[in-house]
Amino acid sequence: MDVEGTKSVSLPGQRVTQTPLIGRADAEALAGEPARWEQVTDRRGAAVWQVSGPRGLWALKVGTGEGAATVAREAAVLQQTHSLVPGLSYGGRAKAGRGTSSAWLITPWLEGPSTWARFESVRQQHAEDRSSALAAAVDVCQAVAALHGAGWVHGDLQPHHTVHTSGAVRLIDCTWAAGPSLAPSHTSLGGLLHLMSPELMHRIEAGVRPVVTEPSDEVYALAAGLWWAATGTWHRNYAAAGVDPARFTAAVLRQLLLRNRIPCGTIPHWPALERVLLPVLEAPAGARPSAEQLAHWMVSL
């Protein structure tokens with residue numbers, strides 16, 4: 001087995017898990033021995049493990065093949081933003097490295113629910129338990145406002161990429177972030193299509209490369225993501241338009257959305273939230289509120 005492969009480990013009472021060799025020594029030095037490993041995700045050429053030990057919890061992300069470049073870029077983002085952006089401050093404790101065909105990144109394990117998880121009771125339509133979700137929405141809007149205030153954009157903002165740790169919102173999966181010291185990646189295509197502003201889709205279809213995500217695009221994604229978190233469905237009413245988005249590739253669906261204006265749906269179990277989010281989603285880019293303004297609107301609910 002080469003140094004960038006994996007090996008199997010098993011502790012009493014635990015299932016066998018594949019753990020990486022690259023980055024392993026650094027992760028175990030940080031966590032302490034004996035270290036326990038649990039693989040969390042493995043997709044798009046990048047796998048993530050939780051590494052726990054007597055000195056703490058850490059996350060090790062390893063990218064191979066095409067995934068190596070994305071992991072290396074995320075490491076570069078954290079290196080350049082941790083002292084500027086509160087939501088990315090955990091990057092100050094990050095460690096990273098490269099192999100011949102791989103890259104690895106170690107960050108502190110962020111304990112806390114995602115914004116998606118904080119909205120679970122809303123999706124289940126428990127009207128008496130909205131306070132936690134509303135507080136989460138305000139916090140994430142303020143975290144994005146601080147990001148934009150520092151001159152940066154996330155590039156793939158969605159409710160699964162914001163973690164509510166004790167006292168602060170952390171922004172994760174920030175590979176496509178861009179700012180004053182790091183130009184947008186030529187590989188990025190603007191994030192999750194269903195949360196994408198019309199003007200961002202226009203730029204992609206026009207062939208502009210790299211794709212530049214503006215703060216106004218992210219406020220749109222923020223509102224669309226909160227709608228998704230609150231309802232479990234996309235804000236565009238695909239069903240009313242007779243469109244099954246699962247039938248189309250991203251490129252074809254993007255063209256369909258640009259040719260046909262699909263109206264927004266409703267949030268019948270929380271109409272006040274709908275009234276706050278609709279103006280964001282229906283406004284042209286120049287009239288769209290900032291993330292800070294959206295936070296103030298959320299406070300008013």
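Restricting region 207-251 to residues that are buried (at least 24 other Cβ atoms within 10 Å of the Cβ) and either part of a loop (DSSP other than H, G, I, E, B) or free of Cβ contacts under 8 Å to residues at least 24 places away in the same chain (or both), which is farthest from the chain's Cα centre (by Cα)?
Once the filter is applied, the top-ranked residue is H235.
Please go through region 254-301 and give me each residue that is of a type outside the set (A, V, I, L, M, F, W, C), in a helix (DSSP H, G or I) and more than 22 Å from H202 (Cα to Cα), ordered by number.
Of everything in region 254-301, those that are of a type outside the set (A, V, I, L, M, F, W, C), in a helix (DSSP H, G or I) and more than 22 Å from H202 (Cα to Cα) turn out to be P271, E274, R275, E292, Q293, H296.
Go through region 18-37 and report how many residues are within 20 Å of R98 (Cα to Cα) and of a type in the set (D, E).
The qualifying residues number 2.
Where in region 43-106 are the strands (runs of 3 or more DSSP E), entirely inside, with at least 3 residues that are out of contact with any strand residue (DSSP E or B) (no Cβ under 9 Å at 6 or more places or on another chain) and under 21 Å from R24 (Cβ atoms)?
none
Give just the number: which of (1) within 30 Å of G151 (Cα to Cα); (2) at pLDDT below 95; (3) among the polar types (S, T, N, Q) does T70 not satisfy?
Just one mismatch for T70, condition (2).
Working only within region 133-157, note down all residues that are farther than 13 Å from H296 by Cα and among the charged types (D, E, K, R).
Scanning region 133-157 gives a single hit, D156.
Please go through region 99-114 and pick out each residue that is of a type in the set (V, I, T) and either surrounded by 18 or more Cβ atoms within 10 Å (Cβ to Cβ) or within 17 Å of the chain's Cα centre (by Cα) (or both).
Those that are of a type in the set (V, I, T) and either surrounded by 18 or more Cβ atoms within 10 Å (Cβ to Cβ) or within 17 Å of the chain's Cα centre (by Cα) (or both): I106, T107.
For the structure I just gave you, tell me whether A136 is touching a Gly at 6+ places or on another chain (Cβ under 8 Å), under 24 Å from H235 (Cβ atoms) and of a type in the set (A, V, I, L, M, F, W, C).
no
Hey, can you tell me all the residues within region 41-75 that are touching a helix residue (DSSP H, G or I) at 6+ places or on another chain (Cβ under 8 Å), among the basic types (K, R) and surrounded by fewer than 24 Cβ atoms within 10 Å (Cβ to Cβ)?
Correct list: R44, R55.
Can you tell me which of (1) of a type in the set (G, A, S); (2) touching an Asp or Glu at 6+ places or on another chain (Cβ under 9 Å); (3) surrounded by 19 or more Cβ atoms within 10 Å (Cβ to Cβ); (4) not in a loop (DSSP other than H, G, I, E, B) is the one G190 doesn't meet?
Among (1) of a type in the set (G, A, S); (2) touching an Asp or Glu at 6+ places or on another chain (Cβ under 9 Å); (3) surrounded by 19 or more Cβ atoms within 10 Å (Cβ to Cβ); (4) not in a loop (DSSP other than H, G, I, E, B), G190 violates only (4).
Any residue in region 180-205 that is among the acidic types (D, E) sitting within a Cβ distance under 7 Å of a residue that is surrounded by fewer than 18 Cβ atoms within 10 Å (Cβ to Cβ)? List the pairs, counting only those 6 or more apart or interchain.
Sorted first by the residue in region 180-205, then by its partner, the pairs are E199/A285; E205/Q255; E205/L258.
Out of the residues in region 77-98 meeting the condition of being surrounded by 18 or more Cβ atoms within 10 Å (Cβ to Cβ) and of a type in the set (G, A, S), tell me which one is farthest from Q50 (Cα to Cα).
G87
Kindly establish whether P159 is at pLDDT 95 or above and exposed (fewer than 15 other Cβ atoms within 10 Å of the Cβ).
No; evaluated as a whole, the condition is false for this residue.
The values are calculated or read from the model by the stated rules, or taken from the named source; none is laboratory data. Only a predicted model underlies this, so the values are computations on that prediction, with no experimental measurement involved. We place every Cβ from the backbone using ideal geometry, glycine too, and count neighbours over all the protein chains shown.
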